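Step one of this worksheet: look at the structure below.
No lab work stands behind these numbers, since they all come straight from the coordinates. All values reported here derive from a predicted model rather than from experimental measurement. We place every Cβ from the backbone using ideal geometry, glycine too, and count neighbours over all the protein chains shown.
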Amino acid sequence: MGDKATQRPGPMRVAGIPGPGGSGGPQGRTIERAKDARGALRRLMPYLRPYRGALVGATLAAALGTAMALAAPFLMGRAIDQLSKKDLGALLVPVLLMLAAYGLSAAAQLVQGVVITRISQKAMRALRGDLFGHLQTLPLRFFDTSAQGELMSRLTNDMDAINRVLTHNATQIFTGILTLAGILGIIFFLSPWLAAGSMLSFPLMIGLVGIVGRKTRTVFRSYQERLGRLNAVLEETYSGQRVVLSFGQEQDVMARFDRANEAVRATGVKAMTLALVVMPMMGILSNLNVAILCGLGGWLAIRGMVSIGTIAAFISYSRRFAEPLRQLGNLYNQVQGALAGAERIFQLMDTRPDRIDAPRSTAFSRVAGEVDIDNICFSYKPGVPVLRDISLHVRPGQRIALVGPTGAGKTTLVNLLSRFYEIDSGTIRIDGVDIRSVSRDSLRRQLGVVLQHSFLFSESVMENIRYGRLDASDEDVFAAARLAHADGFIRRLPKGYGTLLSERGQSLSEGQRQLLSIARAILADPAILVLDEATSSVDTRTELAIQKALNELMRGRTSFVIAHRLSTITGADQVVVIDDGRVVEQGTHDQLLAREGVYRRLYQSQFRDRERLRGASEN
Amino acid sequence: MKSLPRLYRFLRPYRRQSIVALLMLLLMVAADLVIPRLTQRVIDQGIAAHNLPVVITTALYMVAASTLSVILALVNNALSVKAAVGFGTDLRSALMRKVQTFSFGNLDRLQTGHLIVRSTSDVNAVQIIVMLLLRIMTRAPIWAAGAIVLLVFTSPRLAVIMAVFVPLIVALVWIFARKAHRMYRLMQKRLDRLNTVLQENLAGIRVVKAFVRTVHEIGRFDEANTALMNRTMQVAQLMAVFLPLMLLVLNMAIVSAVWFGGKFAIAGEMSVGHVVAAINYLAFALFPILLLGSMLGPLSAADASAGRILEILDAEPRVRPAERPATPDTPKGRIVFEGVGFGYDGNGAEPVLCDVSFAAEPGETVAILGATGSGKSTLIHLIPRFYDVTAGRITFDGTDLRELDLGWLRRTVGVVLQEAVLFSGTVRDNICFGRRTASEEEIRTAARAAQAEDFIAALPKGYDTVIGQRGVTLSGGQRQRIAIARALLVQPKVLILDDATSALDIETEIRLQDALDRLIGVSQGTTTRFIVAQRISTVLLADRILLLDRGRVDAVGTHQELLDSNSLYRDIYRSQLGEPPGEETGRNG
């Protein structure tokens, strides 16, 4: 979870607030560094390149805006100097110039703001789009090995950090540096003597920002760590709340939470107090400077070496020195954080995509459904084989039941058919064609898959079923739902087929969700069907109905069924018993039963139940 | 701004810090406001009068005043941080404490993700506002007020300029803030939408790939992505226009002060020092308004957060603890349903259970069968009071459940839920979750009975193997077995298995079943069991089978009785044996 706070925009910064304190808090700022900041920056550049012209314009506008904003106090000093001359006409000139300077500054800032906003948002869209597009090409292995919740929040946070840097901070850095340089230039121009006086406090300010900044980063890192731990506790407790409740363990859980919560309080107070020290300290130095200026300036003024207007302008400029300095200090953290985020995003974009289709790959149009699996081996991790030397020959329209204990490799085997993973050796042929020589998309269109856990989208019921065939008419959807025996319950939903499924279909029961995913597969009308334990949590009577529908569906299609229940297996043309990654037995139900093997053992355990049932019914 | 003030009670423990912090602010403003006065003295009485001692003493006063202001700011910061962080910590704790009083009825309405957001970013948003309130938001109006008063004293005529600009600035801030608030909300919606699409593509990538829908998904994402870009642009452009515009208006006010003040000074009606001081006061008076305006955004965001937090804090626990809770000493485990009815949404919605009556004698095993959505899970969830009945009553050894101590009831009734949720920690920690004091022997016995011992032994560190968050490193079947061991360990008087074996393969399930059977044999007469199951074989040994059909009891009896008298049961039975269903099938479709 890390750092939720960064998702909300902090209070807007307003330039030129007088006095110490400043605004905004440092809460929830991620403090981290990119390993290769320059590299990350270089990768971000192409997203801005299309807007080179506009960027140059915005930069010029920012420079103009800063220059004009800096010119104003200088002009004000001039205006004040005119007062002693008792000449209203002479006052008019600097006043009009001030007006013009402020006007130009505002216009330039506006133009720069609007242009930068447009550019950065377009760049962000492109970056998000590229990332998403890349995610789509990643192999399943990638999704198997990364925790999705974490990945998701990381992506959201990282994108947000980059967005902020592009939209605000980049300009702030530019104008900040420009302002500091401008102030130094102007004060030396105005009066080298007074400028030299100011030089006493400016280096102290810079040093202060550096030292406190470093210290703050250290404390904040430990704050972030504890916050992370607290979030982990929160997430786990809330997601396991039902278990907590069912065991009456509320007090225990509360104690665990309290420990993590208190730890956050302690470091939170320390980190935030420390972060807020900078600005008042800068205030002290800034005020010290003002006093020096007043004293020194007064002394010089009495000797006629500087004018009162110059002193006023000087004070005004030296007050402006602290703010950009502090801002730059803060920006350092934010930019580093964003670059670290960018680095992670580019790392993700560098993850190798799924093997691209073979150069001269053909496309399946409609296969008959003959499947030949020859001596295939597969492992997720090198050296840990999951499937060893499996061979299987299936004629079009045959029904294959895959049987075996959990972890035997049944699911892996059917995943290989869809080329979710690539086999290490051996071949899989459909209608005599090696599936590696056809395009992955055309292969997958031949296969209908009902997965172990029904996944639905947060769209309407209608759209979820239509996912199987995007151009299906409403009537087709209804028909598929009827075949899957889902029509009845769908029509009883508040808005029937138009009912929106909230977050991943939470509002439906597991059984109902399965019915929907079956309807989706029915609509897809595949030549080859894969049912991965899909019927396991639909209860018997519903399953009975589904069985009839599926029987209908499986007729004329090659089907691979992974089922728990022997009653669904007995009707299969071939039963394949898989154990520890090997085909240990293969044949019809009767053939296998005749052997003294694993299948017989499995069958007997079920058979014994039957005997029990029979016995019970005959009593 | 309705919700934020209601959270005031969480600031109350930090009232002392808060009041002192605000007092500091007041003094700080006073110190700050003295400085333009002193500047005026330097100019008029020092420089103009060529009086160096005045210049130097006044400069020292200025240093003193501003140093005081800075020290006050430091104290204010420290106190504000303490109060705000304390506020946030307590608020988070209150949320967690509240959630602990929730039953399933409350939890059904809340998604875990939302709960987490409320305890993290919502609390954070409110905490930031409290800190701003104590540090800046309160200071701004005092500052403005003080500056205005002093401006009027310094130059009543220049104060008129204020009278022109203040309403203008206030109006502008108001208009922009309202607009920004609305736009921000719309943008947030677009962001949520984008995140949903992304989330779904991470979680449902198999489906996307299996149906070859990459192009479709990229299109869906593009749509959400562009919509978000447009909204974000709107908000950011509004700000890009607002800030320069506001600064322009402020600066115009200052330029007019320079012009008119200059005119008065040239006419000899005001000293130069007075003009400079007046300009300073004008700036002091106007900037806080802008500052406040810029805080309206975060403020209304924080108010929305406070609203979401209050939604939880205000929620009525659906299951209330008994007023004078009974904790029977020697529970027997006799559970009786008397005309029980239940609906998830009180009125309107179709009731899930209707007029359910039956009795489970101590030590009996009751199996519950029925179609999807027939109310099986609901029925057993009523026993540990995960929900309360909406009609009739359930008694435990003759006492209404609602009169028993809730904690006692839940520790006496052991439940294995459909979805096995584990916690991070070791395997042992998880099994001991319900009874930390269990001995090693008891843990092993429970694990053995749950058929979990073999795979636990095969884990790298056995019982001390650390399993990841929510047990992701284990298979569904393994998690399920640990969950069963966890329930067995508390040696409940009443044990409920909610279709807990569906994630197991046949062999394991059979072994588990045997173990449970043996356990049943051992504990015969001591543990009352409710089993929700789909397989007839699972329920064969049950003393009583409860057949549910659309929330009603279709039949109660032993296997044999139901086989003889109930056609629905016969259908299920036949389908389990792989035989074609009878002609009378399909009352339920």
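Taking 17 Å as the straight-line reach from the Cα of A:K86, the lysines in range (excluding those fewer than 8 positions away in the same chain) are B:K263. Computed across the range A:322-466, the Kirkwood radius stands at 19.2 Å (inverse of mean 1/r, all Cα pairs). Could you tell me how many degrees, from 0 to 90 and to the nearest 10, lie between the Cα long axis of helix B:123-132 and the main elongation axis, the longest principal axis, of the Cα atoms of chain B? Around 20 degrees separate the two axes.
Residues A:D354, A:D374 in ascending order of nearby Cβ atoms (within 10 Å, fewest first): A:D374, A:D354. Each residue of the range B:421-426 is assigned a 3J(HN,Hα), and the resulting list reads 9, 10, 10, 5, x, 8 Hz, derived from the Karplus form 6.51 cos²θ - 1.76 cosθ + 1.60 (θ = phi - 60°), x at Gly and Pro. Bridges between two residues of the protein assembly as shown, per DSSP, are antiparallel at a rate of about 50%. How far, in degrees from 0 to 90, does helix B:156-203 lean away from the longest principal axis of the Cα atoms of chain B, to the nearest 10? Taking Cα atoms only, the helix is inclined about 20 degrees. Our coupling estimate for the range A:41-52, obtained by passing each phi through the Karplus curve with A = 6.51, B = -1.76, C = 1.60 and θ = phi - 60°, is 5, 4, 6, 6, 3, x, 6, 9, 4, x, 10, 3 Hz, Gly and Pro reported as x.
P(r) tail for the range B:71-224: Cα pairs beyond 25 Å make up 63% of the total. Take the Kirkwood radius over Cα pairs of the range A:237-355, plug it into Stokes-Einstein at 37 °C and 0.692 mPa s, and you get 161 µm²/s for translational diffusion. Cross-link pairs exceeding 21 Å in C-alpha to C-alpha distance, out of A:K35/A:K270; A:K35/A:K122; A:K122/B:K189, comprise A:K35/A:K270; A:K35/A:K122. Its alpha carbons give chain B an Rg and a Dmax of 35.6, 119 Å.
The Rg/Rh ratio of the range A:149-271, with Rg taken over Cα atoms and Rh as the Kirkwood radius over Cα pairs, comes to 1.24.
P(r) for the range B:313-387, from all Cα pairs and a bin width of 5 Å, is 3, 11, 18, 24, 19, 13, 8, 3, 0 %, short bins first.
Annotation: average projected area of the range B:167-242 is 5.2 square nanometres, based on the convex hull of Cα atoms across all directions.
The Rg/Rh ratio for chain A is 1.16, where Rg is the radius of gyration of the alpha carbons and Rh is the Kirkwood radius. In this entry, the range A:401-476 is assigned a mean projected area of 7.3 nm², taken as a quarter of its C-alpha convex hull surface.
Per residue, the convex hull around the alpha carbon atoms of the protein assembly as shown comes to 182 Å³. Residues whose amide H comes within less than 5 Å of that of B:A555, counting only those at least five positions distant or on another chain, are B:L547 (H built at 1.01 Å from N in the peptide plane).
With only the Cα atoms considered, the range B:92-172 has a convex hull volume of 127 Å³ per residue.
Note on the range B:1-114: Kirkwood hydrodynamic radius from all Cα pairs is 18.1 Å, rounded to one decimal.
Quick check of the Kirkwood formula: for the range B:243-289, what is the inverse mean of 1/r over all pairs of different Cα atoms, in Å? Every distinct Cα pair counted, the radius reaches 11.0 Å. Over all Cα atoms in the range B:244-383, the spread is summed up by Rg and Dmax: 36.3, 106 Å.
Under 5 Å between amide hydrogens, built in the peptide plane, is the criterion, and for A:V584 it picks out A:V577, A:I578, A:D579 among residues at least 5 positions away or on other chains.
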